[in-house]
Amino acid sequence: SAQSAGVAVNAFARVGVVDAKAYQAIALAALAIPHARLDVQACANLLNAFSRPQVLGLWQNDQLFVHLAGALALFRDEEFTPQAIANVCRAYVKVDVDEDLEMEVLARMAGLVQRFPTGAFTAQSVSSILLSYAETKKRPPNTDAVARYLSRVLQGMGASQLGPQSSRALGMVCDALGRLDMRDTTLLPFLSACIRRLPPDSLKPASIRAIVVAFVNLGLGQEEGLLLEFLSYAAQCIQVTVEAHNSPATVNEFAAADISGIASAFAGAGRRDEPLFWHLSAVGTQLPENVYSIQDMCKISSALATLEVRDRHLLAHMSRAARLKGLAAWTRPQALEMLDAYASLRVE
């Protein structure tokens, strides 16, 4: 059944099963299920399962998403729920499907979103839907209407709905607003106040990065000084311990992109927060050199140069990371950016 197929893939993904043949077999089985035996929840579960990061790339069958899109088109509006819509939107944006099919599905979901009363949503469903429309390769024509409606939904939520359990969702919302270049003068102060009420240790590095990058890119780096101070403190609450390595590419859940994004955003806001940069350096120098992308290295070195933070340990680590990349991997602007940063800091 569609339900058992979705449960199986989700379960395998959660425990780290890497078995392309198993995922492909389940995808083929799901593809054989006729539309008459599918319902909205089963389709949403299947889409969520096959678009999980652990599963992407381990199965090849675009026809499954075409098949499920055909089923979704047959369901009545009242059969959908906000969470099902969120799962559908995230799946069709994350998986590489035909652009016209993606636009068709998102257009239908946009109409459904605005049919629900504001109290029907959770922070998680709002964040998933909003980020999906922000991440599309081609912006659907009704994106602005969806964003405005979900802005009202969020501002109608109480403290219990936007508590510590919603920290990841708040990060996703900020990420979406930044991508949409949506400088909502009522929503952004509301989000800032909600975030500052959270326990600092409830925020993960990826959420801290998403929030600070969004507010700075939207031109609020100076205006939201209290928020940036809080985010700096939250980042430093994630203690640096070698024992906390939880995967080869992270230290205490900090990835290279988190370090570079936070550093670059604080530099963009002109905030020379030395304790924060010391902390980022301590984390960053524990990460293996090969996990840094060229973009990460450029952002970190430029941030240090902008704020005149001459951190020898982190700069030496970036230098070693840079030498691991082949010459062909660099563009001329990237090479110049990094060289200019090192020259301004007088690094030998």
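Accessible area of the chain with a 1.4 Å probe: how many percent of it is carbon plus sulfur?
Numbers: 8480 of 15990 Å².
It is 53 percent, rounded to a whole number.
Rounded to the nearest whole Å², what accessible area per residue is found for segment 1-160 with the 1.4 Å probe?
45 Å²
Select from Y92, Y149, L38 the residue farthest towards the positive end of the dipole of segment 1-151; place +1 on Cβ of Lys and Arg, -1 on Cβ of Asp and Glu, and compute about the Cα centre.
Y149
Restricting to Cα pairs below 8 Å that are 6+ residues apart, what does the relative contact order work out to for segment 124-224? Please round to a whole percent.
The value is 34 percent.
Enumerate by residue number the trypsin sites (Lys or Arg not before Pro) in segment 53-127 meeting two conditions: DSSP loop (anything except H, G, I, E, B), and at most 14 other Cβ atoms within 10 Å of the site's Cβ.
R76, R115
Using the Kirkwood formula over every pair of different C-alpha atoms, what hydrodynamic radius in Å results for the chain?
Every distinct Cα pair counted, the radius reaches 21.9 Å.
Work out the P(r) tail for segment 30-181: percent of alpha carbon pairs separated by more than 22 Å, whole number. All intermediate terms of the calculation are to be shown ahead of the outcome.
Numbers: 4348 of 11476 pairs.
Looking at segment 30-181, the distances longer than 22 Å represent 38 percent of pairs.
Quote the FRET efficiency, to the nearest 0.05, computed for L324 versus A29 with a Förster distance R0 of 41 Å and r equal to the Cβ-Cβ distance. Please list the in-between numbers first.
Values: r = 43 Å, r/R0 = 1.05.
With R0 = 41 Å, the Cβ-Cβ based efficiency is 0.45.
Give me the number: length gained by fully extending D19 to D96, i.e. 0.36 nm times residue separation minus the C-alpha to C-alpha distance, one decimal in nm.
Full-extension gain reported as 25.7 nm.
The values are calculated or read from the model by the stated rules, or taken from the named source; none is laboratory data. Keep in mind it's a predicted model, so treat the numbers as computed, not measured. When we count neighbours, we look across all protein chains shown, and the Cβ atoms used for this are built from the backbone with ideal geometry, even at glycine. For accessibility, only protein heavy atoms count, side chains too; no ligands or nucleic acids. Shrake-Rupley method; radii C 1.70, N 1.55, O 1.52, S 1.80 Å.
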